[in-house]
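> Before we start, here is the structure in question, set down as structure tokens.
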Amino acid sequence: MFVYHHGLRLTVADLAIDTRRRHARAFVSHAHSDHIARHEFVLCTAPTAALMEHRLGKRTVRVMELGEPISWAGVTLTALPAGHCLGAAMLHVEADGQTLLYTGDFKLSPSATVTAAEPAPAEILIMESTFGTPDYRMPPQEEVLARLRDLLQRILENGDVPVIEAYALGKGQEITRRLHDMGYAVVQHPHVWAVSRIYESFGVALGRYRRWDGTVEPGEVVVVPPRCRPEMPRRRQVRLAVTGWAVDPAAKYRLGVDHALPLSDHADYDELLEMVERVSPRVVYCTHGSEEFVNRLQELGWDARLLGRATQRRLF
């Protein structure tokens with residue numbers, strides 16, 4: 001039904017999936033740079049198409065509506081909400097009497113800017129497992145946001161500028177909406193701002209924010225891509241990162257920031273286990289994670305395997 005060799009491809013439909021190499025036909029789950037390429041023909045949701053066009057230029061696209069099956073090369077394909085960022089979709093495949101669910105990056109818990117993932121049962125599950133160790137259980141969002149609010153208050157009272165590092169697509173918009181809900185005005189780096197305009201064109205309200213013009217007014221919070229260092233003469237910056245990796249107390253040192261808070265757009269360890277339970281597959285293939293998660297699934301009685309090793313370059 002599929003093969004893995006320098007990326008995933010559905011053999012039954014001759015369709016590449018989330019590969020970074022150019023293909024004649026590909027399904028793209030979402031528009032993060034590690035999931036897109038300049039394919040000749042793309043199947044994806046309308047928001048992903050718009051975001052890809054912003055990043056790569058106009059592509060030839062067949063838009064998939066969430067929850068609406070389409071016929072493609074003799075198989076039935078359905079895009080399902082993935083809960084990761086605007087436009088993110090899982091792919092459900094029905095072919096030759098078998099069913100397969102490819103998750104891409106996903107999140108089961110709700111966020112402020114996208115709906116949660118909605119998996120469907122399948123015999124074969126191909127899932128990302130980024131946070132596939134027990135250490136990566138995310139604390140309640142309310143606790144993290146309360147900590148963020150306290151940090152911002154102290155930073156602003158000291159007369160410093162809070163600068164939050166967040167990916168231009170997804171996390172930048174999520175944190176902007178969260179900041180707006182707390183009552184803060186946001187200044188976005190132009191890369192974040194351009195993506196935010198696309199979010200709003202699809203009806204996602206982000207609140208009060210403006211494009212960075214080299215100035216910061218008292219009380220404003222700046223949102224920039226990771227490692228971006230905007231110049232602010234005579235103003236001290238206090239840098240914060242919002243990422244699931246911040247569950248590790250040492251993350252702020254690796255990221256080069258003053259504070260790191262665990263806000264994630266990926267499923268945490270418990271949600272990864274929940275995904276397997278909800279799909280109830282005959283076999284699970286895990287990507288983007290450690291062998292430890294595969295071993296845990298096997299201990300729980302699942303037929304689980306790690307996808308992407310050189311020894312697995314064969315048909316399944």
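The values are calculated or read from the model by the stated rules, or taken from the named source; none is laboratory data. Everything quoted here is computed from the prediction, not taken from an experiment. Note that we place each Cβ from the backbone using ideal geometry, even for glycine, and neighbour counts take in every protein chain shown.
> What is the one condition in (1) touching a strand residue (DSSP E or B) at 6+ places or on another chain (Cβ under 8 Å); (2) buried (at least 24 other Cβ atoms within 10 Å of the Cβ) that residue 84 does not satisfy?
With (1) touching a strand residue (DSSP E or B) at 6+ places or on another chain (Cβ under 8 Å); (2) buried (at least 24 other Cβ atoms within 10 Å of the Cβ) applied to residue 84, the lone miss is (1).
> Here are some conditions: (1) closer than 25 Å to residue 175 by Cα; (2) assigned to a loop (DSSP other than H, G, I, E, B); (3) more than 15 Å from the chain's Cα centre (by Cα). Residue 50 meets all but one. Which one does it not meet?
The number of the failed condition is (2).
> Another question, then. Among the residues of region 173-196, write down those that are more than 18 Å from the chain's Cα centre (by Cα) and charged (D, E, K, R).
Across region 173-196, the qualifying residue is only 181.
> Could you say whether any residue in region 46-67 is surrounded by fewer than 22 Cβ atoms within 10 Å (Cβ to Cβ), under 18 Å from residue 307 (Cα atoms), among the β-branched types (Val, Ile, Thr) and in the same structural domain as residue 105 (by TED's automatic domain parsing)?
Among the residues of region 46-67, not one is surrounded by fewer than 22 Cβ atoms within 10 Å (Cβ to Cβ), under 18 Å from residue 307 (Cα atoms), among the β-branched types (Val, Ile, Thr) and in the same structural domain as residue 105 (by TED's automatic domain parsing), which makes the answer no.
> If you don't mind, there's one more thing I want to ask. Quick check on this structure: which one of 292, 217 is of a type in the set (Asp, Glu), surrounded by fewer than 20 Cβ atoms within 10 Å (Cβ to Cβ), assigned to a loop (DSSP other than H, G, I, E, B) and out of contact with any Leu (no Cβ under 6 Å at 6 or more places or on another chain)?
Working: 292 fails: assigned to a loop (DSSP other than H, G, I, E, B).
It is 217.
> Still on this structure, I have one more. Of 147, 197, 235, which residue is at pLDDT below 95 and surrounded by fewer than 20 Cβ atoms within 10 Å (Cβ to Cβ)?
235
> Name the single residue that is surrounded by the most Cβ atoms within 10 Å (Cβ to Cβ) among those in region 9-42 being within 18 Å of the chain's Cα centre (by Cα) and under 16 Å from residue 75 (Cβ atoms).
Filtering region 9-42 for residues that are within 18 Å of the chain's Cα centre (by Cα) and under 16 Å from residue 75 (Cβ atoms), the one surrounded by the most Cβ atoms within 10 Å (Cβ to Cβ) comes out as 27.
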